[in-house]
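Have a look at the structure below before the remarks.
Read the figures in this text as sums done on the coordinates, not as results from a lab. None of the values given here were measured: they were computed from a predicted structure. Backbone-built Cβ (ideal geometry, glycine too); neighbour counts: all protein chains shown.
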Amino acid sequence: MRLVGGLPDIGGLSQAQQRGLDCVWCGVTLTPTTAVDLGPRPLKILDHRTSWYPRACLRHAVARICVVCDEPVVGEAETVLGFSSCGARPDSYRHPAGTPGCVRKPGSRR
């Protein structure tokens, strides 16, 4: 799924995901207690400008930092279980394997 501004492309989402009824990442149905508002996003349809209001489940809305590249992980992430040679904590995350640009930066603290 192509990312636009850190979110999936609206054209690839279900109507329920577009309307904020389901998580934009995993499609789980949201309730008032499980929904996290991701804020208004501009949308242009032909010559008309409007906004859409995506929402996510708690699992996908939590800020996560990749232990490899120190960049935010948006959407799906791999959980690093246990301690590893890079010193990752059990609650650490990384981008899915093969994600472009996810490389260890020189001088990284990890």
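General observations
- Gyration tensor (alpha-carbon) shape descriptor, region 5-72, a/c threshold 1.5: oblate
- The residues packed around Leu21, meaning those with a beta-carbon under 14 Å from its beta-carbon, carry a net charge of 0 if Lys and Arg are +1 and Asp and Glu are -1.
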